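Since the structure comes first, as structure tokens, the remarks are kept for the end.
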Amino acid sequence: METPAMLQLLNDPMGVPFYPVVFQVLMVLTFALHILFVNLSLGATCLTVIGRLKGGERWTRLAGGMGQAATASVSGAILLGVAPLLFVQVIYDPFWYASSNLSAAWAIGFIFILMAGYASLYLARDRKGDAGSAFAGFSLAMFLTAGFIMHVLGFQLLQPEKWLGWYTSHGAASTAGTVLHDFSVPRFLHFVVPAFAVTGVFLMLYSWYFRARADADAAYLDWAGRIGAKMAFHATTIEVLTGLLWLIVLPRDLRFHAHPLFALGAALGLGLLAFLYHAQDRETGHHRYAWPAAAAMLAAVLEMAAAREALRVRYLARFGYAIADHRLNIDWGSTSLFFVTFVLCLVVLAWILAVAFRSGRVAGRWEAGPGMKAWGKASIALLVSWLVVVAGLGVAITLRNRGL
């Protein structure tokens with residue numbers, strides 16, 4: 001069977017419940033936010049290991065702070081990782097389904113590997129000395145392994161012409177799912193190296209954030225900001241080089257070097273690099289560059305997420321696959337519930353972040369003002385209302401399907 005025909009057979013005959021391009025845009029947006037937290041998780045965990053191994057007052061203190069940042073960012077990565085994965089399953093289901101089944105043991109094992117790394121990170125926070133360093137190192141290894149698995153699954157789905165060969169590589173159907181069939185070192189590095197750039201900018205923000213506290217240690221914060229600025233600059237330099245290497249190994253027929261999003265991404269990356277060079281080329285005051293650096297980093301990541309999707313579109317277009325060809329079966333009920341839930345989650349998440357932001361900038365106990373208290377009560381009311389509506393819909397639909 002020809003690959004395009006196979007892909008058509010694998011498509012869901014029910015179609016999609018809303019316009020595919022909307023899911024595509026949301027997928028790019030949520031993936032960009034997800035990968036930022038992934039990068040911060042990796043970078044902060046790595047700094048935790050480095051700080052513990054180096055020792056000394058400042059590095060030990062930084063290791064403790066980065067350990068806390070890592071645990072929080074892993075939670076954010078998991079939370080924000082659900083949405084882009086669901087969007088992929090909606091508009092690229094044949095590819096994700098096939099890739100995941102070809103390496104099913106690893107796709108399932110990913111969850112347990114991530115859980116092991118997350119649990120070990122908490123153990124590292126509670127232990128000093130070699131034991132804490134060992135747990136932090138184990139967490140880093142688990143997170144890198146989990147990232148590599150996701151990289152392989154994402155790379156395998158781009159190559160449907162190889163699926164049958166992988167499935168029958170030993171002359172018989174291979175149903176164990178224990179093999180990772182293909183990977184790309186430049187592509188993987190392009191997703192890992194930014195961990196140090198993102199974490200470097202985070203350290204600059206860290207230097208800015210804690211200056212508002214009455215008990216702030218300005219010398220330590222200057223040191224942390226300097227470390228962050230230099231790390232962000234050097235990592236971004238390497239990231240530009242890995243991006244060029246990835247471009248070189250791409251199939252020539254994709255002609256991605258001529259794509260407008262590639263040109264825009266290159267411009268943003270070089271602009272960010274120039275800004276970080278200027279920011280790191282000083283002894284103090286790195287915190288003043290924190291927010292512009294963060295904004296530039298966010299813009300670059302959003303653009304690169306869009307460029308990544310444009311590259312996937314070109315990969316799959318070679319097999320006659322386009323998301324616009326999906327059968328459209330609009331379901332206003334489920335789609336409305338989804339968007340209401342999405343907005344509700346943004347409101348509640350914003351309140352949680354606002355509380356965390358404000359409470360951390362005071363040395364003692366933080367007291368919420370009337371506005372924050374009202375926002376908190378509204379958030380709780382929204383969550384309760386959402387639970388009532390969803391549970392009510394579930395009961396109503398169940399009763400209707402049973403003819404009651």
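The values are calculated or read from the model by the stated rules, or taken from the named source; none is laboratory data. Worth saying up front: this structure is predicted, and the values here are computed from it rather than measured. Positions of Cβ are generated from backbone atoms using ideal geometry, with glycine treated the same way; all protein chains shown enter the neighbour counts.
Here is how the numbers come out for the structure above:
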quantity: Residue ID - surrounded by the most Cβ atoms within 10 Å (Cβ to Cβ), chosen from residues in the stretch 323-365 that are within 30 Å of Y92 (Cα to Cα) and touching a Gly at 6+ places or on another chain (Cβ under 7 Å); calculated: H326
quantity: Residue within the stretch 125-132 that is among the aliphatic types (A, V, I, L, M) and farther than 30 Å from T60 by Cβ present; calculated: no
quantity: Total residues in the stretch 278-295, condition crowded, with 16+ Cβ neighbours inside 10 Å and farther than 20 Å from N39 by Cβ; calculated: 1
quantity: Condition met for Q8 (in a helix (DSSP H, G or I), over 23 Å from the mean Cα position of the chain (by Cα) and either touching a residue at least 40 places away in the same chain (Cβ under 8 Å) or under 21 Å from L316 (Cα atoms) (or both)); calculated: yes
quantity: Answer from E283, E239 - the residue that is acidic (D, E) and in contact with a helix residue (DSSP H, G or I) (Cβ under 6 Å, 6 or more places away or on another chain); calculated: E239
quantity: Residues satisfying the stated conditions in the stretch 296-311, i.e. surrounded by 17 or more Cβ atoms within 10 Å (Cβ to Cβ) and out of contact with any helix residue (DSSP H, G or I) (no Cβ under 6 Å at 6 or more places or on another chain); calculated: R308
quantity: So F196, is it surrounded by 19 or more Cβ atoms within 10 Å (Cβ to Cβ), under 22 Å from S100 (Cα atoms) and within 18 Å of the chain's Cα centre (by Cα); calculated: no
quantity: Qualifying residue in the stretch 151-158 (condition: farther than 23 Å from G320 by Cβ, assigned to a loop (DSSP other than H, G, I, E, B) and either of a type in the set (D, E) or touching a residue at least 24 places away in the same chain (Cβ under 8 Å) (or both)); calculated: no
quantity: Filter result for the condition that a residue is of a type in the set (S, T, Y), closer than 29 Å to M142 by Cβ and surrounded by fewer than 21 Cβ atoms within 10 Å (Cβ to Cβ), over T45, T3, T71; calculated: T71
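Condition check ((1) crowded, with 16+ Cβ neighbours inside 10 Å; (2) assigned by TED's automatic domain parsing to the domain that holds A83; (3) part of a helix (DSSP H, G or I); (4) modelled with pLDDT of 85 or more) across all residues:
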| site | (1), (2), (3), (4) |
| --- | --- |
| P13 | no, yes, no, no |
| V21 | no, yes, yes, yes |
| F31 | yes, yes, yes, yes |
| V38 | yes, yes, yes, yes |
